[in-house]
1. Report the residue count in segment 42-57 for those that are crowded, with 16+ Cβ neighbours inside 10 Å and more than 25 Å from the chain's Cα centre (by Cα).
2. For residue 226, work out the one condition from (1) in contact (Cβ under 8 Å) with a residue 12 or more places away in the chain; (2) open to solvent by 10 Å² or more (accessible area, probe 1.4 Å) it doesn't fulfil.
3. In segment 228-241, what count of residues is obtained for those that are under 13 Å from residue 207 (Cβ atoms) and out of contact with any helix residue (DSSP H, G or I) (no Cβ under 7 Å at 6 or more places or on another chain)?
4. Pairs needed: first member in segment 61-89, surrounded by fewer than 18 Cβ atoms within 10 Å (Cβ to Cβ); second member anywhere, modelled with pLDDT of 85 or more and of a type in the set (Gly, Ala, Ser); C-beta distance under 7 Å; at least 6 residues apart or different chains.
5. Here is a check on your reading of the model: is residue 25 exposed (fewer than 12 other Cβ atoms within 10 Å of the Cβ), free of Cβ contacts under 8 Å to residues at least 24 places away in the same chain and farther than 25 Å from residue 112 by Cα?
6. Do the conditions hold for residue 4, that is, is it in contact with a Gly (Cβ under 9 Å, 6 or more places away or on another chain) and either open to solvent by 50 Å² or more (accessible area, probe 1.4 Å) or in contact (Cβ under 8 Å) with a residue 12 or more places away in the chain (or both)?
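The values are calculated or read from the model by the stated rules, or taken from the named source; none is laboratory data. Because the structure is a prediction, the values reported are computed rather than measured. Note that we place each Cβ from the backbone using ideal geometry, even for glycine, and neighbour counts take in every protein chain shown. The protein model used for the area step is the full one, side chains on, heavy atoms only, and it has no ligands, DNA or RNA in it. Shrake-Rupley method; radii C 1.70, N 1.55, O 1.52, S 1.80 Å.
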Amino acid sequence: VQEKKSKDFAKAQNLNVTHVFTDAESARTTGRPQLQALLAFCKKHKGNIGNVIVADLSRLARNVVDQGTLIATLAELGIRLRSVDEQHIDGTASGKFMAGMTGVFNQYFSDSLSERTKYRMQAAVKAGRFVWKAPLGYLNTKNGSGSTIKVDTDRAPLVRKGFELMASGNYHADDVLRAITALGLRTARGLMLPRQTWHAMLRNPIYAGWVKSGDLVVRGVHPPIVTQQLFDKVQEVLAGRSKTAQTRQVLNPEFP
């Protein structure tokens, strides 16, 4: 819808559209790939680009400082920012004033929404619900209280097997990863599990039934994949405190 609005505006103003840049993520950060690509494109074609069109200013930035910086950067390149919904934005004193006021309102709306979202997330965690993307071994679902996670019956047994092998103290985490990969553990996209992800999983209390957000840790409403005893044993092994074995064996992925 935003792209159509912008193109229709360009057509009505007799402006030739040279390139379209579309970011899927929020305008809360200027590090968005396509925004950076737009700025690079404008610098590369300085003198040939006269306008940058957005559906509204909140699509450009949701921070008044970022908005001002971006408008100034474009102005230095001889480019005018055009907003379909805020056509009063221009280089005049009143236009700059209105742009600034609009930026303040956009930032207030963004910050207010962020505060409400943060509060709801904290309330969900205190209730024991995991409301983010489910980690490997779990699937996102909903119960009567809202979003949470449930056990992925296909991957959870392999995740548990990995914890069990680690708890023995006989194997290195990388060897265990090769073993459970040979057994068929894959990501939701069907890819092999990255080493860093596996090492992080071994330390994630979510698998023992806990939900963690910052310093807040509460018992989750989701079923654990491993017991607390097994999880604690793995933590001892990772910390080098396990007395189970002094020498580690090498796991042959052909015979896990």
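1. The qualifying residues number 5.
2. It fails just one condition, (2).
3. In the first step, residues of segment 228-241 are kept if they are under 13 Å from residue 207 (Cβ atoms); the result is 228-235.
Checking which are out of contact with any helix residue (DSSP H, G or I) (no Cβ under 7 Å at 6 or more places or on another chain) leaves us with 229, 232, 235.
Matching residues across segment 228-241 total 3.
4. 78/47; 80/50; 85/55
5. Values: exposed (fewer than 12 other Cβ atoms within 10 Å of the Cβ): yes; free of Cβ contacts under 8 Å to residues at least 24 places away in the same chain: yes; farther than 25 Å from residue 112 by Cα: no.
No.
6. Details: in contact with a Gly (Cβ under 9 Å, 6 or more places away or on another chain): no; either open to solvent by 50 Å² or more (accessible area, probe 1.4 Å) or in contact (Cβ under 8 Å) with a residue 12 or more places away in the chain (or both): yes.
No, not satisfied.
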